[in-house]
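Enquirer: Have a look at this one before I ask anything.
The values are calculated or read from the model by the stated rules, or taken from the named source; none is laboratory data. Being a predicted model, the structure only gives us computed values, none of them experimental. Every residue, glycine as well, gets a Cβ built from its backbone with ideal geometry; the counts of neighbours run over all protein chains shown. Each accessible area value is taken on the protein alone, full model and side chains, heavy atoms only, with ligands, DNA and RNA left out. Shrake-Rupley method; radii C 1.70, N 1.55, O 1.52, S 1.80 Å.
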Amino acid sequence: MGINFEQALNAEQLAAVQAPDGPVLVIAAAGTGKTRTLTYRVAWLAERGIAARRILLLTFTNKAAREMLDRAVALVGEAVGGLWGGTFHHMANRMLRRHAEALGYRSDYTILDQDEARSLVRACAKELKLAGKEFPKPDVLLSVFSLAANIERPVPDVAAEHFAEHVINLEEVARVHRAYQARKRELQAMDFDDLLVNGLRLFREQPDVLARYQEQFQYILVDEYQDTNTLQAEWVDRLAEHRRNLLVVGDDFQSIYSWRGADFKNFLSFPKRYPHVQVFKLETNYRSAPEILDLANACIACNPAQFQKTMKAVRPGHGKPVLVRLRDSDAQARFVVERIRRLLRQGCAPGEIAVLYRAHFHAMELQLELTRQHMDFVVTSGMRFFEQAHIKDVCALLRVLVHPGDELAFLRLMGLLPKVGAKTAERLWQKLGGRCEPYRPGFAAEFTALLPAAARAPWRAIAAALPPGGLEQVTRDPGELLLRFNAVFYENYSINAFENHARRQEDIQGLINFTARYASAEDFLNEMALMTNLDAEAEAPGAGDTPAIKLSSVHQAKGLEWQAVFVLSLNEGLFPSHRALADNADESEERRLFYVAVTRARDELYLCVPEVRRVRDGGVMFCTPSRFVTEVSADLLTEEYAGFM
């Protein structure tokens, strides 16, 4: 018995699923059944007698491919069992295994995982005598190499943009890259990016191989097409060039990954590359209440250069999104906790509540408040704020000054200096008699003499930057110490140590301002210690067995949904991010990011707008509400005021 497609699909989905041969562009707005449409397209082809091996389904995660294939099997049985489905990397690897010799590789080449790639880059830098804390670490180099590969630009050009105005020898970075490439060839190994690079090389350089796969794949389907990079787009275009039975699904409104090489212009230019394309729009949204969709439609309509579409709701009304005006980030944290408690009392499950933010430091105060209130939460976008390496690093000097006998803080601080390993740091601690007292007369000369030569200049810079008021000033104003330490040492260190150094610097600036709420450095450090210990307790075995409130960056939340969503710190410079605006000179992707945040919510949506931010000197800075909430009609929102007492 065949599938009743008319009964299973709405009119928009059905039209896309049953589209005739030729290029097809499916513009699928959020929550409109994109996965369902792709799955039924596979089933439709199978019912028309298309052999499974003649269909290629490309996705961005193996999970998405498995989900679609499992659903297709449930619909039509094993008729789709031999379908080629998986990620771009998986499919490229499958082809390369058969034809690697054409590119000078054995068919049993090794695929390097991240640890292996990191070790190989480290070895190359060491052989070139470039390894060390003053040179970019392997993870940083790999991120530069990866972006260069995925956007097909020279490594020095990408490195110049990555390191911006900081002093980095670009030729040395290029030398490590050349050595890394050579070592991979010697080892008959490819890293993750090489699978795409060599997969495209195979098609560019071996027309017979390309012709074989052009003949095999009668139909090609691509999921999340707006997230393709230049390599992936060309790879697909070459495969589809002969038959042109290419169906791509995506949403240009949700293209938010340009920082890792995705180019939504591949999506926008599809009709130009395929002039006879059939375009279908999925606009019927099954996820969100109509009031949430009204806001999403209004905010994204402000973007130019996009395929305009308007989401239509099928669910009944639930109430307008709430624009919450708050005094400051502390009031924001208290409001979110109070409103979460109300939602829980009303029967909302903890796992159905999410708090989203543009940058990790926006959730500092909320993490503190949730911890104080003993409310379980999970940070899905990484470690809890005070557990992150860069936060612990910048606080290490403060800990040593306030507690001269803090051995762990001393060892962490020393580990940041060039040529100071764990054993050297332990020996230094022993020679100091178990106390580090930078303000003690004579300490500077005594300690500098004990350091390895390479570490002396950085330590002198740190020592010279200590606040002139001594321990009393450090105790009274810990933010001043963090500010100085970051300026003279840690900012440059982080550039070499972390691939996402700019985001980490935002966190540190947020932390510096955050210290203003404490009467002393001791109070601040006690709060940090309490937070990390409670974090450890919460993450003990068994602690995460029950669903918990989710805290996540908007980037990490894409593709997910919750009953209730809070969006934090909707202020100019925060969301949209001033750094993103400066880098791109374009607000379009930031608005798409806001659209993604809004469309994660099914029933309840709270948009939080603090009016002031505390700054390090104890004062406040007035904040401007985000353009994303001021540019939409006020009648789309309900306003609340909190924390002005």
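Enquirer: Can you tell me which residue is farthest from A457 (Cα to Cα) among those in the range 426-446 that are open to solvent by less than 30 Å² (accessible area, probe 1.4 Å) and in a helix (DSSP H, G or I)?
Expert: That would be W429.
Enquirer: Now for a separate question. With respect to K309, is the statement that it is among the basic types (K, R), in contact with a Leu (Cβ under 9 Å, 6 or more places away or on another chain) and modelled with pLDDT under 95 true?
Expert: Answer is yes for this residue.
Enquirer: Could you list, in sequence order, all residues of the range 62-90 that are within 24 Å of the chain's Cα centre (by Cα) and open to solvent by less than 50 Å² (accessible area, probe 1.4 Å)?
Expert: A64, A65, G86, T87, F88, H89
Enquirer: Something else about it: From the list D108, D115, D70, exactly one residue is farther than 30 Å from E186 by Cα and either modelled with pLDDT under 90 or not small (G, A, S) (or both). Which is it?
Expert: Only one candidate qualifies: D70.
Enquirer: While we're on this one: Identify the single condition in (1) acidic (D, E); (2) under 17 Å from A409 (Cβ atoms); (3) assigned to a loop (DSSP other than H, G, I, E, B) that E499 does not satisfy, given that it satisfies every other one.
Expert: The single condition E499 does not satisfy is (2).
Enquirer: Search the range 22-39 for residues being among the hydroxyl-bearing types (S, T, Y) and more than 21 Å from A240 (Cβ to Cβ), and hand back the single one that is most open to solvent (accessible area, probe 1.4 Å).
Expert: T35
Enquirer: Here's a follow-up. For D139, only one of the following conditions fails: (1) touching a helix residue (DSSP H, G or I) at 6+ places or on another chain (Cβ under 8 Å); (2) open to solvent by 60 Å² or more (accessible area, probe 1.4 Å). What is its number?
Expert: Exception for D139: condition (2).
Enquirer: Still on this model: Name the residue that is most open to solvent (accessible area, probe 1.4 Å), counting only residues in the range 370-420 that are among the acidic types (D, E) and under 21 Å from Q509 (Cβ atoms).
Expert: E387
Enquirer: Given the structure, is A131 of a type outside the set (D, E, K, R), surrounded by 14 or more Cβ atoms within 10 Å (Cβ to Cβ), free of Cβ contacts under 8 Å to residues at least 12 places away in the same chain and over 24 Å from L231 (Cα atoms)?
Expert: yes
Enquirer: Give the residue that is nearest to Y219 (Cα to Cα), with candidates limited to residues of the range 254-294 that are of a type in the set (F, W, Y) and open to solvent by 30 Å² or more (accessible area, probe 1.4 Å).
Expert: Only one residue tops the list, namely F280.
Enquirer: Still on this model: Checking A174 against (1) of a type in the set (G, A, S); (2) without any contact (Cβ under 8 Å) to a residue 60 or more places away in the chain; (3) closer than 23 Å to I111 by Cβ, which single condition isn't satisfied?
Expert: The single condition A174 does not satisfy is (3).
Enquirer: Any residue in the range 241-259 that's over 24 Å from A15 (Cβ atoms): show its pairings with residues that are open to solvent by less than 30 Å² (accessible area, probe 1.4 Å) and among the polar types (S, T, N, Q) at Cβ separation under 7 Å, as long as the two are six or more apart or on different chains.
Expert: From residues that are over 24 Å from A15 (Cβ atoms), the pairs are E241/Q214; H242/Q214.
Enquirer: Moving on to the next point. Looking at the range 235-253, which of its residues are open to solvent by 20 Å² or more (accessible area, probe 1.4 Å) and outside any loop (DSSP other than H, G, I, E, B)?
Expert: Residues satisfying the conditions are D237, R238.
Enquirer: For the range 26-130, give me every one of the helices (runs of 4 or more DSSP H) that falls completely inside it and has 2 or more residues that are closer than 30 Å to Q308 by Cα and hydrophobic (A, V, I, L, M, F, W, C).
Expert: Here the list reads 34-47, 62-76.
Enquirer: How many of the residues in the range 303-336 are open to solvent by 60 Å² or more (accessible area, probe 1.4 Å) and either more than 23 Å from R372 (Cα to Cα) or in a helix (DSSP H, G or I) (or both)?
Expert: Residues that pass the stated criteria total 11.
Enquirer: If you don't mind, another one. Residue under question is F145, and the condition is that it be in a loop (DSSP other than H, G, I, E, B), open to solvent by 10 Å² or more (accessible area, probe 1.4 Å) and in contact (Cβ under 8 Å) with a residue 24 or more places away in the chain; does it hold?
Expert: It is false that F145 is in a loop (DSSP other than H, G, I, E, B), open to solvent by 10 Å² or more (accessible area, probe 1.4 Å) and in contact (Cβ under 8 Å) with a residue 24 or more places away in the chain.
Enquirer: Applying the selection to the range 620-638, what residues are assigned to a strand (DSSP E or B) and at pLDDT below 95?
Expert: Within the range 620-638, V620, M621, F622 meet the criteria.
Enquirer: Still on this structure, please answer the following. Taking the range 451-475, which residues are open to solvent by 60 Å² or more (accessible area, probe 1.4 Å) and without any contact (Cβ under 8 Å) to a residue 60 or more places away in the chain?
Expert: A453, R456, A457, R460, A464, P468, E472
Enquirer: Which condition does C348 not pass, out of (1) open to solvent by less than 60 Å² (accessible area, probe 1.4 Å); (2) at pLDDT below 95, if it passes all the others?
Expert: Answer for C348: the failing condition is (2).
Enquirer: Return the residue satisfying two criteria in turn: it lies in the range 109-128 and is under 26 Å from the mean Cα position of the chain (by Cα) and under 22 Å from A422 (Cβ atoms), and of such residues it is surrounded by the most Cβ atoms within 10 Å (Cβ to Cβ).
Expert: Out of the qualifying residues, it is V121.
Enquirer: For the range 396-425, how many residues meet the condition of being outside any loop (DSSP other than H, G, I, E, B) and either on the phi > 0 side of the Ramachandran plot or not basic (K, R) (or both)?
Expert: 16
Enquirer: Hey, among A19, A43, which residue is open to solvent by less than 10 Å² (accessible area, probe 1.4 Å) and more than 26 Å from S255 (Cα to Cα)?
Expert: Testing whether each residue is open to solvent by less than 10 Å² (accessible area, probe 1.4 Å) and more than 26 Å from S255 (Cα to Cα) leaves just A43.
Enquirer: Shifting gears a bit: Taking the criterion of being closer than 30 Å to G86 by Cα, of a type in the set (K, R) and open to solvent by 10 Å² or more (accessible area, probe 1.4 Å), would at least one residue in the range 198-207 satisfy it?
Expert: The answer is yes, given that some residue of the range 198-207 is closer than 30 Å to G86 by Cα, of a type in the set (K, R) and open to solvent by 10 Å² or more (accessible area, probe 1.4 Å).
Enquirer: Also, I was wondering about something else. Restricting attention to the range 558-567, and to residues there that are buried (at least 19 other Cβ atoms within 10 Å of the Cβ) and within 17 Å of the chain's Cα centre (by Cα), which single residue is nearest to C608 (Cα to Cα)?
Expert: Across the range 558-567, the extreme among qualifying residues is V567.
Enquirer: From the list D194, D157, which one is part of a helix (DSSP H, G or I), buried (at least 17 other Cβ atoms within 10 Å of the Cβ) and either at pLDDT below 95 or of a type in the set (D, E, K, R) (or both)?
Expert: D194
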